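**Q** So that we are looking at the same thing, I have put the structure below in structure tokens.
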Amino acid sequence: MSAETTSDRMSEVSKKFGISPEDYMLPARHMINLLNPDGTLRPENEQGTEPGHEYPLPSPARLMEAYASLVTGRRVNDQNSALVRQGRMAVYPSSHGQEACQIAAALCLEENDWLFPTYRDTVAVLTKGVAPMEVMTSFRGEWHCGYDPKAYKCAPMSTPLTTQLLHAVGVAHAAKLRGENTVVVAMCGDGATSEGDFHEALNFAAVFNLPVIFFVQNNKYAISVPLSHQSAAPSLAHKAVGYGMAGERVDGNDLMALMAIMTRAVRMAREGNGPLLIEAHTYRMQAHTNADDDKRYREDSEVQAWIAKDPVTRMKAYLEDAGLLTDAAAAKIAQDAEVVAKALRDGMNQDANTDPRELFEHVYSTKSTQLAEQQALLVDELDREEA
């Protein structure tokens with residue numbers, strides 16, 4: 001697609017909202033935020049919306065569904081952190097505090113849409129429908145990926161920072177060539193936006209007008225590096241205009257706003273309006289992983305300030321005030337979350353039954369020399385242990 005054709009597309013899309021192409025591509029002047037931290041609905045003139053950037057409230061049923069997933073997500077994060085402390089799992093990058101982002105990313109997709117998660121997106125993968133123990137297999141060190149990506153339309157959780165964005169673009173391109181009505185959500189963190197793969201993926205997606213939503217969870221730190229040391233842009237969402245796509249900023253701890261934005265983004269991508277970049281402002285409440293000491297690079301007062309913006313308590317307060325979340329409904333949601341946590345505990349308490357020799361078998365169609373050497377070293381070590 002030529003640059004002129006991309007410009008024409010932007011003009012056509014912006015006409016739908018009665019705004020200029022520039023106003024369509026640039027984020028709204030203020031971050032989209034529908035709920036206050038105490039769960040009250042913000043006045044319409046304080047929600048950050050403006051012409052071309054309006055986001056209707058999700059239905060009560062959708063909000064209740066999302067809240068139930070949010071409670072389960074928080075329970076899974078807490079359970080997995082406990083399993084690490086018990087030595088049942090080597091490492092776990094918790095998304096405690098970021099769960100609302102992951103719920104919205106997965107819930108707004110339809111069955112045949114694809115999700116490309118990172119290593120911190122356990123909750124999103126669970127919400128996409130993958131069984132709890134299948135999600136955690138790789139963290140246990142038992143196998144590369146514990147689930148069938150094609151069956152769930154969910155790629156393996158990527159440990160390299162940004163490689164999954166290129167894979168997401170490839171899947172979207174293939175789907176478009178086949179005439180399939182598929183939307184792809186590619187997830188990453190703020191640190192990933194400094195990687196070369198990020199720029200290549202966004203550029204390719206925009207040039208070929210692909211149905212991809214780049215969903216950036218800006219949790220303020222790339223391990224220990226603050227955002228101010230990663231980017232000088234007005235916001236990460238502002239980077240979208242440089243590639244010829246629309247960008248938007250949203251409160252990443254506001255589940256209602258996230259659901260509203262992602263629902264429209266998925267619809268627009270499916271209608272052929274091209275890729276979008278969504279930046280969700282959230283916060284990593286806990287350390288990068290259990291191997292990290294976050295007290296070395298941030299103050300406790302900063303963490304405490306974000307506790308007041310917790311997505312779980314915020315959404316719970318709104319639903320209770322609206323008369324949607326009754327005591328009985330809350331108890332059922334908590335019970336369902338506990339079922340998932342129990343499945344994780346039971347699964348992790350069973351010893352792994354994997355032959356480590358097999359880990360080298362499915363990396364490449366033809367095994368590289370280096371990989372064969374590594375496998376030989378392991379086999380030799382195992383044989384000597386058994387002798």
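The values are calculated or read from the model by the stated rules, or taken from the named source; none is laboratory data. These numbers were taken from a predicted model, which means no experiment stands behind them. A quick note on method: Cβ atoms are made from the backbone with ideal geometry, for glycine too, and the neighbour counts reach across all protein chains shown. When the accessible area is computed, the model is the full protein with side chains, heavy atoms only, and any ligands, DNA or RNA have been set aside. Shrake-Rupley method; radii C 1.70, N 1.55, O 1.52, S 1.80 Å.
**Q** Being part of a helix (DSSP H, G or I) and free of Cβ contacts under 8 Å to residues at least 24 places away in the same chain is the filter; apply it to region 227-267 and report the residue that is least open to solvent (accessible area, probe 1.4 Å).
**A** Our first condition is that a residue be part of a helix (DSSP H, G or I); within region 227-267, this holds for 227-229, 237-243, 255-267.
Restricting the remaining residues to those that are free of Cβ contacts under 8 Å to residues at least 24 places away in the same chain gives 228-229, 242, 267.
Values: Ser228: 90, His229: 143, Gly242: 68, Arg267: 115 Å².
The qualifying residue least open to solvent (accessible area, probe 1.4 Å) is Gly242.
**Q** May I ask you to list the residues in region 6-21 that are part of a helix (DSSP H, G or I), of a type outside the set (A, V, I, L, M, F, W, C) and in contact with a helix residue (DSSP H, G or I) (Cβ under 8 Å, 6 or more places away or on another chain)?
**A** Narrowing region 6-21 to residues part of a helix (DSSP H, G or I): 6-17, 21.
Next, from what is left, pick out any that are of a type outside the set (A, V, I, L, M, F, W, C): 6-9, 11-12, 14-16, 21.
Within region 6-21, Thr6, Ser7, Ser11, Ser14, Pro21 meet the criteria.
**Q** Another question, then. Filter region 150-200 down to the residues that are under 17 Å from the mean Cα position of the chain (by Cα) and on the phi > 0 side of the Ramachandran plot and list them by number.
**A** Matches in region 150-200: Lys153 only.
**Q** Shifting gears a bit: Restricting attention to region 26-44, does a residue exist that is under 30 Å from Val207 (Cα atoms) and part of a helix (DSSP H, G or I)?
**A** Keep residues of region 26-44 that are under 30 Å from Val207 (Cα atoms), which gives 26-32.
Keeping just the survivors that are part of a helix (DSSP H, G or I) gives none.
For region 26-44, residues under 30 Å from Val207 (Cα atoms) and part of a helix (DSSP H, G or I): absent.
**Q** State yes or no: is Thr289 closer than 25 Å to Ala175 by Cβ, surrounded by fewer than 24 Cβ atoms within 10 Å (Cβ to Cβ) and among the β-branched types (Val, Ile, Thr)? Lay out the reasoning, then the answer.
**A** On the way: closer than 25 Å to Ala175 by Cβ: no; surrounded by fewer than 24 Cβ atoms within 10 Å (Cβ to Cβ): yes; among the β-branched types (Val, Ile, Thr): yes.
No.
**Q** Restrict the check to region 348-366 and report whether at least one residue is of a type in the set (Gly, Ala, Ser), more than 22 Å from the chain's Cα centre (by Cα) and on the phi < 0 side of the Ramachandran plot.
**A** Checked against the condition, which is being of a type in the set (Gly, Ala, Ser), more than 22 Å from the chain's Cα centre (by Cα) and on the phi < 0 side of the Ramachandran plot, region 348-366 yields at least one hit.
**Q** Let me confirm something: among Asp293, Asp300, Asp383, Asp310, which residue is more than 26 Å from the chain's Cα centre (by Cα) and at negative phi?
**A** Numbers: Asp293 fails: more than 26 Å from the chain's Cα centre (by Cα); Asp300 fails: more than 26 Å from the chain's Cα centre (by Cα); Asp310 fails: more than 26 Å from the chain's Cα centre (by Cα).
Selected residue: Asp383, the only one of Asp293, Asp300, Asp383, Asp310 that is more than 26 Å from the chain's Cα centre (by Cα) and at negative phi.
**Q** Considering only region 225-284, state which residues are closer than 19 Å to Gly52 by Cβ and among the polar types (S, T, N, Q).
**A** Those that are closer than 19 Å to Gly52 by Cβ and among the polar types (S, T, N, Q): Ser235, Thr263, Asn273.
**Q** Moving to a separate point now. In region 299-311, is there at least one residue being more than 23 Å from Ala172 (Cα to Cα), among the hydroxyl-bearing types (Ser, Thr, Tyr), without any contact (Cβ under 8 Å) to a residue 12 or more places away in the chain and part of a helix (DSSP H, G or I)? Show your work before the answer.
**A** Going residue by residue through region 299-311, those that are more than 23 Å from Ala172 (Cα to Cα) are 299-311.
Imposing the further condition that a residue be among the hydroxyl-bearing types (Ser, Thr, Tyr) reduces the set to 301.
From the residues that got through so far, the ones that are without any contact (Cβ under 8 Å) to a residue 12 or more places away in the chain too are 301.
Pick out the ones that are also part of a helix (DSSP H, G or I) and you get 301.
Yes; the residues of region 299-311 include at least one that is more than 23 Å from Ala172 (Cα to Cα), among the hydroxyl-bearing types (Ser, Thr, Tyr), without any contact (Cβ under 8 Å) to a residue 12 or more places away in the chain and part of a helix (DSSP H, G or I).
**Q** Determine whether region 58-68 contains at least one residue that is in contact with a Phe, Trp or Tyr (Cβ under 7 Å, 6 or more places away or on another chain) and either in contact (Cβ under 8 Å) with a residue 24 or more places away in the chain or surrounded by 14 or more Cβ atoms within 10 Å (Cβ to Cβ) (or both). Talk me through it step by step, then tell me what you get.
**A** So in region 58-68, the residues in contact with a Phe, Trp or Tyr (Cβ under 7 Å, 6 or more places away or on another chain) come out as none.
No: region 58-68 contains no residue that is in contact with a Phe, Trp or Tyr (Cβ under 7 Å, 6 or more places away or on another chain) and either in contact (Cβ under 8 Å) with a residue 24 or more places away in the chain or surrounded by 14 or more Cβ atoms within 10 Å (Cβ to Cβ) (or both).
**Q** Within region 197-215, how many residues are open to solvent by less than 40 Å² (accessible area, probe 1.4 Å) and either basic (Lys, Arg) or in a helix (DSSP H, G or I) (or both)?
**A** Looking only at region 197-215, we keep the residues that are open to solvent by less than 40 Å² (accessible area, probe 1.4 Å), and these are 198, 201-202, 205-206, 209-215.
Next, from what is left, pick out any that are either basic (Lys, Arg) or in a helix (DSSP H, G or I) (or both): 198, 201-202, 205-206.
The total comes to 5.
**Q** Of the residues that make up region 93-113, is at least one open to solvent by 10 Å² or more (accessible area, probe 1.4 Å) and among the hydroxyl-bearing types (Ser, Thr, Tyr)? Spell out the reasoning first.
**A** Going residue by residue through region 93-113, those that are open to solvent by 10 Å² or more (accessible area, probe 1.4 Å) are 96, 107-112.
Filter once more, so that each one left must be among the hydroxyl-bearing types (Ser, Thr, Tyr): none.
Checking region 93-113: not a single residue is open to solvent by 10 Å² or more (accessible area, probe 1.4 Å) and among the hydroxyl-bearing types (Ser, Thr, Tyr).
**Q** While we're here: Quick one: what pairs do we get from region 122-140, first residue in contact (Cβ under 8 Å) with a residue 60 or more places away in the chain and farther than 25 Å from Val183 by Cβ, second open to solvent by 40 Å² or more (accessible area, probe 1.4 Å) and part of a helix (DSSP H, G or I), C-beta under 6 Å, 6+ apart or different chains?
**A** If the second residue must be open to solvent by 40 Å² or more (accessible area, probe 1.4 Å) and part of a helix (DSSP H, G or I), the pairs left are Pro132/Ala343.
**Q** Could you give me the residue pairs with C-beta distances under 6 Å whose first residue belongs to region 315-343 and is over 24 Å from Arg42 (Cβ atoms), whose second residue is crowded, with 18+ Cβ neighbours inside 10 Å and basic (Lys, Arg) wherever it lies, and which are 6+ apart or on separate chains?
**A** That search, which allows pairs on different chains as well, returns Ala337/Arg75; Ala341/Arg75.
**Q** Has region 332-353 got at least one residue that is among the β-branched types (Val, Ile, Thr) and modelled with pLDDT under 95?
**A** Of region 332-353, the ones among the β-branched types (Val, Ile, Thr) are 333, 339-340.
Next cut, modelled with pLDDT under 95 only: none.
There is no residue in region 332-353 that is among the β-branched types (Val, Ile, Thr) and modelled with pLDDT under 95.
**Q** Could I ask something else about it? Of Met25, Met10, Met31, which residue is at pLDDT below 90 and surrounded by 18 or more Cβ atoms within 10 Å (Cβ to Cβ)? Quick ask: steps written out before the conclusion?
**A** Details: Met25 fails: at pLDDT below 90; Met31 fails: at pLDDT below 90.
Exactly one residue qualifies, and that residue is Met10.
**Q** Hey, can you tell me all the residues within region 187-196 that are open to solvent by 10 Å² or more (accessible area, probe 1.4 Å) and polar (S, T, N, Q)?
**A** First, pick out the residues of region 187-196 that are open to solvent by 10 Å² or more (accessible area, probe 1.4 Å): 189, 191, 194-196.
Residue satisfying the conditions is Ser194 alone.
**Q** Which of the residues belonging to region 38-51 are under 20 Å from Leu255 (Cα atoms) and either polar (S, T, N, Q) or open to solvent by 60 Å² or more (accessible area, probe 1.4 Å) (or both)? So that I can check it myself, show each step before the final result.
**A** Let us first name the residues in region 38-51 that are under 20 Å from Leu255 (Cα atoms), namely 38-50.
Residues satisfying the conditions are Asp38, Thr40, Leu41, Pro43, Glu44, Asn45, Glu46, Gln47, Thr49.
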